[in-house]
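See structure below.
The values are calculated or read from the model by the stated rules, or taken from the named source; none is laboratory data. Quick caveat: nothing in here was measured; it's all calculated off a predicted structure. Note: ideal-geometry Cβ built from the backbone for every residue, glycine included; neighbour counts use all protein chains shown.
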Amino acid sequence: MSKSILPKQVDGIPLSPRETLPTMYDLPSEEIGESGVPDEFHVIQPHLLKETFQPTNYKSEEIFIGIDINFYFDVRHQTWYKRPDWFAVVGVPRLYDGIDMRNSYVIWQEGISPTVAIEFLSKSTEKEDLGKTKKEDNVAPSKWQVYEKILRIPYYITFDRLTNKIQAFRLEGERYINFLPNY
């Protein structure tokens with residue numbers, strides 16, 4: 001039996017391709033198996049944050065803001081890194097050694113962890129971003145584990161643009177506590 005190649009119909013009227021073909025919501029926006037910049041929002045929002053983040057006690061040249069760059073965090077595993085969508089470190093020069101734009105941020109050279117990290121949730125990274133993955137031996141820890149347990153970043157924020165849900169966590173003792181619980 002052969003498959004019909006006629007377009008789908010309702011009451012004998014063919015449906016348009018817009019009604020029958022997958023939409024941008026149905027198709028992956030990232031390479032399958034790879035996390036990457038999944039949409040326009042992930043490109044625009046970090047730059048808006050960069051333009052507006054200015055702690056009052058620091059000059060702009062004393063703040064480094066990283067946007068989608070590798071963050072190396074473990075001297076024992078020098079190739080392990082995380083790639084936050086956005087993070088800010090206060091008390092370090094914006095430029096590496098005061099002269100060069102940064103290719104990455106290397107914690108064992110800088111000695112200062114970020115003050116805040118922000119992740120924009122996407123389907124491929126949501127579990128790792130929200131700490132819902134299990135630690136495996138000989139595998140780099142999740143972003144949540146790195147931010148909370150290793151770097152002890154004081155503030156960690158996630159935002160899901162599809163649901164408009166923001167979660168803001170503050171490090172209290174050994175754990176992140178959501179300080180916007182009813183948002």
Among the residues listed as Ser29, Ser4, Ser35, the single one being touching an Asp or Glu at 6+ places or on another chain (Cβ under 7 Å), part of a loop (DSSP other than H, G, I, E, B) and at pLDDT below 70
Ser29
Is there any pair with a first residue in region 136-154 that is outside any loop (DSSP other than H, G, I, E, B) and a second that is among the hydroxyl-bearing types (Ser, Thr, Tyr) whose Cβ atoms are under 7 Å apart and which are 6 or more apart or on different chains, and what are they?
Tyr147/Tyr156; Glu148/Tyr176
Any residue in region 161-168 that is closer than 16 Å to Lys82 by Cβ and outside any loop (DSSP other than H, G, I, E, B)?
no
Within region 68-91, how many residues are assigned to a loop (DSSP other than H, G, I, E, B) and surrounded by fewer than 18 Cβ atoms within 10 Å (Cβ to Cβ)?
11
When you look at Glu51, is it assigned to a helix (DSSP H, G or I), of a type in the set (Asp, Glu) and farther than 16 Å from Ile118 by Cα, yes or no?
no
Being touching a Phe, Trp or Tyr at 6+ places or on another chain (Cβ under 6 Å), surrounded by fewer than 19 Cβ atoms within 10 Å (Cβ to Cβ) and under 21 Å from Phe71 (Cβ atoms) narrows it down to one residue among Arg161, Arg170; which is it?
Arg170
For Tyr96, state whether it is among the aromatic types (Phe, Trp, Tyr), out of contact with any His (no Cβ under 8 Å at 6 or more places or on another chain), modelled with pLDDT under 95 and buried (at least 19 other Cβ atoms within 10 Å of the Cβ).
no
Starting from residues that are of a type in the set (D, E, K, R) and out of contact with any helix residue (DSSP H, G or I) (no Cβ under 8 Å at 6 or more places or on another chain), keep the ones in region 136-158 and report whichever is surrounded by the fewest Cβ atoms within 10 Å (Cβ to Cβ).
Asp137
Of all residues being of a type in the set (D, E, K, R) and surrounded by 20 or more Cβ atoms within 10 Å (Cβ to Cβ) in region 113-135, which is nearest to Asp74 (Cα to Cα)? Just the residue, please.
Asp129
Scope region 106-128; condition farther than 23 Å from Glu172 by Cα and of a type in the set (Gly, Ala, Ser); matching residues
Ser122, Ser124
